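The values are calculated or read from the model by the stated rules, or taken from the named source; none is laboratory data. Just so it is clear, the structure is predicted and the values come from calculations on it, not from any experiment. Here Cβ is always computed from backbone atoms with ideal geometry, including for glycine, and neighbour counts include all displayed protein chains.
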Amino acid sequence: MDVRDVARRILANVEQVIVGKADVVELALVAMLCEGHVLIEDVPGIGKTTLARALAASLGCSFRRIQFTPDLLPSDVTGISYFNQKQQEFEFRPGPVMAQVVLADEINRATPRTQSALLEAMQERQVTVDGVTYALPQPFLVLATQNPIELEGTFPLPEAQVDRFLIRIRLGYPSEREENDLLVRFERDDPLPRLAPVATPEAILQAQQAVRQVGVEPSVREYLVRVVRATRSHGSVELGASPRGTLALYRACQALAAVRGRDFVLPDDVKELAPVVLTHRILISPQTRLRGRRPEEVVQEIVDTVPVPVSK
């Protein structure tokens, strides 16, 4: 299975719609290839929804969007069992989470009870309704968005749920040239509806298996572990990354190496991915926040100070 070839086709296809964000698209693909999920934190109008739709269209996957609001119920996410009077029996009506690519839009606007409805789906790839468990379609990817600038009417995600996201990314504003290219590309019509699949769900499942075969040298693996463990002993960190974070970083490095055509992981992969995999998994101390430091800066400092293994 040539993961790099599949990744190139998908990236090129998505970039017909998403302008100048190749690194972000690559990270979203990395998350899918190692069976993870993505938390996109950015201001409105940046292209979060467009990214999710373009990725689903490129993979030929089913796509559903869930608009999270304070009155959204858990059953609105997972589905309900209802009594079919014609058949005289209960039937299950699947909720929007029963899709291969799910956009959880403004996830922090829903109540904690509704947010937790996604926990089982994200971790176990299944949902349980009225005591009956239903398997989710494969592959399964959740792209959740939250607005970092609005606090009124929002419910911060609990640490247990944030930890379920493999990576947290920001799209950021485009450059002047990229914004000009965006106007030219969308001048006549929207290219998104015309986006054709360039891969299949079956190909993604095969690529996920191939990613797990990417080799990690003992020295690189030990380096990765030291980076994660350093988040637990750093003076500015109140709560470090969990072992789930260690495994997430390991899988992400394997996927990134495969996407770039390698069958082995480099220390540079660890350095590149640590900020997006570990930042949302740590809690910095109140004193650190008062000094104006952000978790991203702390993780980058850790990456810069942990010694990198040298080949002999």
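Structure notes:
- Scanning the stretch 1-34 for residues that are modelled with pLDDT of 90 or more and in a loop (DSSP other than H, G, I, E, B) returns a single hit, Cys34.
- Of all residues in the stretch 239-252, those satisfying the criterion of being of a type outside the set (Lys, Arg) and either free of Cβ contacts under 8 Å to residues at least 24 places away in the same chain or surrounded by 14 or more Cβ atoms within 10 Å (Cβ to Cβ) (or both) are Gly240, Ala241, Ser242, Pro243, Gly245, Thr246, Leu247, Ala248, Leu249, Tyr250, Ala252.
- Subset of the stretch 66-91 (residues that are crowded, with 20+ Cβ neighbours inside 10 Å and assigned to a loop (DSSP other than H, G, I, E, B)): Phe68
- Lone unmet requirement of (1) modelled with pLDDT of 95 or more; (2) hydrophobic (A, V, I, L, M, F, W, C); (3) surrounded by fewer than 24 Cβ atoms within 10 Å (Cβ to Cβ) for Ala255: (3)
- Flag for Gly261 being loosely packed, with under 13 Cβ neighbours inside 10 Å, touching a strand residue (DSSP E or B) at 6+ places or on another chain (Cβ under 7 Å) and over 20 Å from Glu296 (Cβ atoms): no
- Counted residues, the stretch 92-112 - those being surrounded by fewer than 15 Cβ atoms within 10 Å (Cβ to Cβ) and either at pLDDT 85 or above or part of a loop (DSSP other than H, G, I, E, B) (or both): 1
- Pairs are defined by a Cβ separation below 6 Å, a sequence spacing of at least 6 or placement on different chains, a first member in the stretch 288-312 that is in contact (Cβ under 8 Å) with a residue 60 or more places away in the chain and under 21 Å from Arg226 (Cα atoms), and a second member that is outside any helix (DSSP H, G or I) and of a type in the set (Ser, Thr, Tyr); the pairs so defined are Val298/Ser236.
- Restricting attention to the stretch 222-238 and to residues that are within 21 Å of Asp163 (Cα to Cα) and free of Cβ contacts under 8 Å to residues at least 60 places away in the same chain, the residue that is surrounded by the fewest Cβ atoms within 10 Å (Cβ to Cβ) turns out to be Ser233.
- Inspection of the stretch 41-50 finds no residue satisfying the criterion of being outside any helix (DSSP H, G or I), under 11 Å from the mean Cα position of the chain (by Cα) and among the small types (Gly, Ala, Ser).
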